[in-house]
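Visitor: Got a structure here, written out as structure tokens. Questions coming.
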Amino acid sequence: MRNKILSTLILVTLWFNYAATQDNSFTGEVKDNTDQPLVGVNIAIRGLSIGTLTDENGMFKLSNIPEGSHAMTLSYVGFKTREIRLTATEGQNVTLGTFTMYEGNELLQEVTVTASRENKFSRKKTAYVSKLPLQDMKNPTVYSTVTTELLESQIVTNFDDAIVNATGISKLWEATGRAPGEGTGYFSTRGYATQPELVDGMPGFTFSAIDPSYIERIEVIKGPAATLFGSTVTSIGGLINVVTKKPYEGFGGSFTYTAGAFNMHRATLDLNTPIGKNDNIFFRINGSFLNQDSWQDAGFRNTFFVAPSLSYRVNNRLNVSLGVEYSRTEQTNPSMLFVRRGIPLASTDVNQMGVDPNKSFTSDDVTLTSPILNTRAIADYKLSDNWTSQTIFANTHSEAFGYYQYMVEGAAAAFGVLQALQGVPGIDEILFESQSLLATDAFARIFDKRDGSGTKYNLQQNFTGDFRLGKMRNRMVIGLDYVNRSTKSSVKNGNPTLVNTPTFATLLQTIQGLESLGAVPENTALGLGLQLSSFPYFDGIFTADGRVIPNSFTPNATYTPNIAQLDAIFSELPAINIETGSVTYAAYVSNVLNITDNLTAHIGLRLDHFDQEGDKNNPLDDFTKTTFSPNAGIVYQPLPNKLTLFTNYQTGFVNNNPVVNQDGSVQNFEPTKARQFEGGVKTNFLSGKLNMGISYYHITVNNTLNIDPRIPLFPNSIALAEVISQGLEFEINTSPIKGLNLRASYSYNDKKTTDAFSETTNTQYDELENRRPEDAGPAHVYNMWVDYKFEFTDNTFLKNLGVGAGFIGASEHITMNNGVTGQFTLPSYTIFNLGLYYNMEKIRVGLKVNNLTNEIYYNGWSTINAQAPRTILGTVSYKF
């Protein structure tokens, strides 16, 4: 009996121990169709907060699954989502075997997982870059990605600070909000200026108002990309695509509050929820409010942003997505000092000029307001196992109204028009005064008043196929693209006060007296008065450190502009109303052909017909242009999914608007055309924990527009025969040990005008030959960010603690460079940043110091733009 009791106790104990180890779990393996394990695949149980990621061997385990029937989803960017029905039985640990995933459209609906992703600063999978779901290792196009995890680690509060994490990106201009479609910041990539004008692969106006909390990632596609994206939203150097956060299955969200230096307050909300009981409609809304004063002596920026989105899975074949983004920004004019052109410089650097970076030259009353509305509707439909259809309608509307302010150095050259009146009493004194102002650095503060809007409609149809011809696999996209763009502007510009100053009032009276004596032609005074009234309004002339320069042109000037005075003056001026329009019709095809398992060829072609209506009141600037834009690439993987050798040939074009001269003649420009050859290496070692890429590119551009260096002040466009931009780019994203993530990049660009002959003027411009254009930015650009979370500890406090540190930097930049004006150089800089955070299950607290060493530095594009000093930010986030 005793032995039976003992045996029973042992059996019961073993049973309970066995049952305790049974957690209703499922294990499995995920591979691609080449039998390679996929790392980081999202594995989730629909309707439950249960999920994980596949490990370096493609293996996964889901634990603590409730009893009953469930749907398990396998999702991976660049691959078609799979859904598997499972039945969980109490105490069973089920091995599911191997699942194969095939490449397909990027998910519009994300799936949440509870596991943290390794190498979180790398996101080298996208369906936008090539309009095909291709992994970076299989794509000959080079692109740089800034992830939401990187933005969270850096406590980024604005788009400009986010984008400079991309490889080879440097800021040229601040976000001004000055004109519909142009008010966002300008950035240089591969030697050419570009703006963020793509949202989820579709056009979107002036998107610098977007809050980083809404950004899933930023993709900077390198080089000319007209074959797939056309010319209306791209530049020769590349394009910037903002990928937004989208609805996901389940309920959740977060609220974040950030405060810091210069009275900065920012609140963001992210809320996601299912709608209804069928588990097929999901809604997400992101919103933010930012209020921040300038770090200079005046200025502010207030931005409200809201973005609701909805995803509706109609059935297994059809998915519909809707998205809206609305923002409204009121801001003062960013301080940008425009360097003179067409006349020799008085100073050649900021120290010699005596720039005071703390001077704004404005007041909080002189503002611009910019509301923006973007909408998108997307329908994805599975036609068959091999073909899918995607129909996209996108609309964007942007407005800008208020006062815009320029600080222009060398503006006194405008009075050179009076030389024709030399000999008239008083003229020599005016000319002497203007020449005295040109002998030093004197900035005229110029204003105009704007009220404009821009609208763009885009309808796009894509058919994506994955099929075989013989033994060769083809992945093809066939697309049709329609873009309708229109703008309306009402600008008040003129100077009704100049003729009333004592100097010019006396001069005009003198000329009228000479007219009566027949000493000068009749109506000379009237003509001069009209000419002076056509000058832009300026209320003062200043030194670079903010001191008022006494002069007879603005005798009552003060440092702070007067809004009441501006309103009174501009109420006298008539508005110049202009409406423009253009339509683009395009068709494109791109194919990826697997010659072997490790060798693929990429080829594409675009046919683009551009119909420019120009100013609707002036038929002289209307034109049409039809352009072909091909591309090609080769990818070879000596080590599949680990080592890629690639080369590409990409083309781009820009349709240049005609210029109607004052005499009624029209100056036409041929499209700017670009050809890029590139080659390089991409790696994906240590099971995705080490991503590196290095490439060399060579871009030849013909008929590129430039500013005539011989004409003072007012820009006059000329087309130059050839410009060459070549360089090297390197990027690394790695997570060598658990908890440590590092991102770093370096780029070198050598851009020169190699043939400065212009057919439009039949002139050789030696002043530009073999010089680096101003929009090229610094030749050397580099950055790094390291984030470490203390994973290897049992201490709860340390385990939740993380630290981040890094830098951005650039070599000196020649912001003005021609043989007439000379060279103006902005100094090199390296800016160090430091962050600290404490991350609990529901709450995250962070502290960030930007520009740790308080370095004074500048950006610019024919301008001098002072950048922010040391800034301290604190943030707290609650997740629910």
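Visitor: Identify, please: which residue in segment 674-686 is touching a helix residue (DSSP H, G or I) at 6+ places or on another chain (Cβ under 9 Å) and not β-branched (Val, Ile, Thr) and is, among those, farthest from His609 (Cα to Cα)?
Guide: Asn684
Visitor: When you scan segment 376-396, do you find a residue that is at pLDDT below 95, among the aliphatic types (A, V, I, L, M) and surrounded by 22 or more Cβ atoms within 10 Å (Cβ to Cβ), even just one?
Guide: Checked against the condition, which is being at pLDDT below 95, among the aliphatic types (A, V, I, L, M) and surrounded by 22 or more Cβ atoms within 10 Å (Cβ to Cβ), segment 376-396 yields at least one hit.
This table checks each residue for (1) part of a strand (DSSP E or B); (2) touching a residue at least 40 places away in the same chain (Cβ under 8 Å); (3) under 28 Å from Gly835 (Cβ atoms); (4) open to solvent by less than 40 Å² (accessible area, probe 1.4 Å).
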position: Pro224; (1), (2), (3), (4): no, yes, no, yes
position: Gly250; (1), (2), (3), (4): no, yes, no, yes
position: His265; (1), (2), (3), (4): yes, no, yes, no
position: Ser288; (1), (2), (3), (4): yes, yes, yes, yes
position: Gln296; (1), (2), (3), (4): no, yes, yes, yes
position: Phe304; (1), (2), (3), (4): yes, no, yes, no
position: Tyr326; (1), (2), (3), (4): yes, yes, no, no
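Visitor: Given (1) assigned to a strand (DSSP E or B); (2) without any contact (Cβ under 8 Å) to a residue 12 or more places away in the chain; (3) among the aliphatic types (A, V, I, L, M), where does Ala564 come up short, assuming only one miss?
Guide: Going through (1) assigned to a strand (DSSP E or B); (2) without any contact (Cβ under 8 Å) to a residue 12 or more places away in the chain; (3) among the aliphatic types (A, V, I, L, M) one by one, Ala564 breaks only (1).
Visitor: A further question on this structure: Please verify whether Thr554 is in contact with a Gly (Cβ under 8 Å, 6 or more places away or on another chain), assigned to a loop (DSSP other than H, G, I, E, B), at pLDDT 95 or above and of a type in the set (Ser, Thr, Tyr), treating the condition exactly as stated.
Guide: yes
Visitor: For segment 160-167, indicate whether the set of residues that are in a helix (DSSP H, G or I), open to solvent by 10 Å² or more (accessible area, probe 1.4 Å) and in contact (Cβ under 8 Å) with a residue 60 or more places away in the chain is non-empty.
Guide: Within segment 160-167, one or more residues are in a helix (DSSP H, G or I), open to solvent by 10 Å² or more (accessible area, probe 1.4 Å) and in contact (Cβ under 8 Å) with a residue 60 or more places away in the chain.
Visitor: Kindly indicate the residue of segment 699-730 that is within 25 Å of the chain's Cα centre (by Cα), of a type outside the set (S, T, N, Q) and open to solvent by less than 50 Å² (accessible area, probe 1.4 Å) and also modelled with the lowest pLDDT among those meeting that condition.
Guide: Applying the filter and picking the extreme gives Ile707.
Visitor: Among the numbered conditions (1) touching a residue at least 24 places away in the same chain (Cβ under 8 Å); (2) under 26 Å from the mean Cα position of the chain (by Cα), tell me where Asn316 comes up short.
Guide: Here Asn316 clears every test but (2).
Visitor: Between residues in segment 74-97 that are open to solvent by 30 Å² or more (accessible area, probe 1.4 Å) and residues that are at pLDDT 80 or above and among the aliphatic types (A, V, I, L, M), which pairs lie under 6 Å by C-beta distance while being six or more apart or on different chains?
Guide: Arg82/Leu74
Visitor: Report whether or not Ser347 is touching a strand residue (DSSP E or B) at 6+ places or on another chain (Cβ under 8 Å), under 26 Å from Asn706 (Cα atoms) and either at pLDDT 95 or above or of a type outside the set (Asp, Glu) (or both).
Guide: yes
Visitor: Related question: Inside segment 808-830, can you point out the residues that are of a type outside the set (Gly, Ala, Ser), buried (at least 17 other Cβ atoms within 10 Å of the Cβ) and closer than 30 Å to Gly874 by Cβ?
Guide: Within segment 808-830, Ile808, Tyr829 qualify.
Visitor: Continuing with the same structure: Between a first residue in segment 783-803 that is polar (S, T, N, Q) and a second residue that is assigned to a helix (DSSP H, G or I) and open to solvent by 30 Å² or more (accessible area, probe 1.4 Å), which pairs have beta carbons less than 9 Å apart while being 6 or more apart in sequence or on different chains?
Guide: Close Cβ pairs satisfying both conditions: Thr793/Lys799.
Visitor: Residue check, Arg468 against (1) at pLDDT 95 or above; (2) assigned to a strand (DSSP E or B), all met but one. Which one?
Guide: (1)
Visitor: If only one of Thr487, Thr506 is open to solvent by 20 Å² or more (accessible area, probe 1.4 Å) and under 44 Å from the mean Cα position of the chain (by Cα), which one is it?
Guide: One residue alone meets the criteria, Thr487.
Visitor: Please find, within segment 747-772, the residue that is farthest from Ala674 (Cα to Cα) out of those that are in contact (Cβ under 8 Å) with a residue 60 or more places away in the chain and among the hydroxyl-bearing types (Ser, Thr, Tyr).
Guide: Restricting to residues being in contact (Cβ under 8 Å) with a residue 60 or more places away in the chain and among the hydroxyl-bearing types (Ser, Thr, Tyr), the top hit is Ser747.
Visitor: Still on this structure, please answer the following. Can you find even one residue in segment 824-831 that is over 30 Å from Gly410 (Cα atoms) and in contact with a strand residue (DSSP E or B) (Cβ under 9 Å, 6 or more places away or on another chain)?
Guide: yes
Visitor: Moving on. Can you spot a residue in segment 847-858 that is β-branched (Val, Ile, Thr), under 23 Å from the mean Cα position of the chain (by Cα) and either open to solvent by 10 Å² or more (accessible area, probe 1.4 Å) or within 30 Å of Asp708 (Cβ to Cβ) (or both)?
Guide: The answer is no; no qualifying residue exists.
Visitor: Answer yes or no as to whether Ser235 is small (Gly, Ala, Ser), assigned to a loop (DSSP other than H, G, I, E, B) and either open to solvent by less than 50 Å² (accessible area, probe 1.4 Å) or modelled with pLDDT of 95 or more (or both).
Guide: So Ser235 fits the description; yes.
Visitor: Inspect all residues belonging to segment 271-278 and state whether any of them is in a strand (DSSP E or B) and loosely packed, with under 15 Cβ neighbours inside 10 Å.
Guide: yes
Visitor: Continuing with this model, one more query. For Ser360, which of the numbered conditions (1) open to solvent by 10 Å² or more (accessible area, probe 1.4 Å); (2) modelled with pLDDT of 95 or more fails to hold?
Guide: Tallying (1) open to solvent by 10 Å² or more (accessible area, probe 1.4 Å); (2) modelled with pLDDT of 95 or more, Ser360 fails exactly one: (1).
Visitor: Moving on to the next point. Within segment 142-159, which residues are surrounded by fewer than 23 Cβ atoms within 10 Å (Cβ to Cβ) and assigned to a loop (DSSP other than H, G, I, E, B)?
Guide: Matches in segment 142-159: Asn158 only.
Visitor: Another question, if that's okay. When you scan segment 779-793, how many residues do you find that are surrounded by fewer than 23 Cβ atoms within 10 Å (Cβ to Cβ) and either aliphatic (A, V, I, L, M) or in contact with a His (Cβ under 9 Å, 6 or more places away or on another chain) (or both)?
Guide: Counting residues in segment 779-793 that are surrounded by fewer than 23 Cβ atoms within 10 Å (Cβ to Cβ) and either aliphatic (A, V, I, L, M) or in contact with a His (Cβ under 9 Å, 6 or more places away or on another chain) (or both) gives 3.
Visitor: Right, another one. In contact with an Asp or Glu (Cβ under 9 Å, 6 or more places away or on another chain), surrounded by 17 or more Cβ atoms within 10 Å (Cβ to Cβ) and not aliphatic (A, V, I, L, M), is that true of Ser347?
Guide: Considered against the rule, which asks whether it is in contact with an Asp or Glu (Cβ under 9 Å, 6 or more places away or on another chain), surrounded by 17 or more Cβ atoms within 10 Å (Cβ to Cβ) and not aliphatic (A, V, I, L, M), Ser347 comes out as yes.
Visitor: I would also like to ask the following. Against the condition more than 23 Å from Phe415 (Cα to Cα) and assigned to a loop (DSSP other than H, G, I, E, B), how does Thr596 come out, does it pass?
Guide: When the stated conditions are applied, Thr596 passes them.
Visitor: Assuming Ile541 fulfils every condition listed in (1) modelled with pLDDT under 95; (2) part of a strand (DSSP E or B); (3) more than 33 Å from the chain's Cα centre (by Cα) apart from one, which condition is it?
Guide: The single condition Ile541 does not satisfy is (1).
Visitor: Looking at segment 38-71, which of its residues are assigned to a strand (DSSP E or B), within 18 Å of Phe99 (Cα to Cα) and open to solvent by less than 50 Å² (accessible area, probe 1.4 Å)?
Guide: Asn42, Ile43, Ala44, Ile45, Gly51, Thr52, Leu53, Phe60, Leu62, His70, Ala71
Conditions (1) open to solvent by less than 40 Å² (accessible area, probe 1.4 Å); (2) more than 39 Å from the chain's Cα centre (by Cα), marked per residue:
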position: Gly494; (1), (2): yes, no
position: Gln512; (1), (2): no, yes
position: Leu528; (1), (2): yes, yes
position: Leu532; (1), (2): yes, yes
position: Pro536; (1), (2): yes, no
position: Asn551; (1), (2): yes, yes
position: Leu566; (1), (2): yes, no
position: Ala586; (1), (2): yes, no
position: Ile595; (1), (2): no, no
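The values are calculated or read from the model by the stated rules, or taken from the named source; none is laboratory data. Just so you know, these numbers come straight off a predicted model, no measurement behind them. All Cβ positions, even for glycine, are placed from backbone atoms using ideal geometry, and neighbour counts span all protein chains on display. Side chains are part of the model used for accessible areas, which takes the heavy atoms of the whole protein and leaves out ligands, DNA and RNA. Shrake-Rupley method; radii C 1.70, N 1.55, O 1.52, S 1.80 Å.
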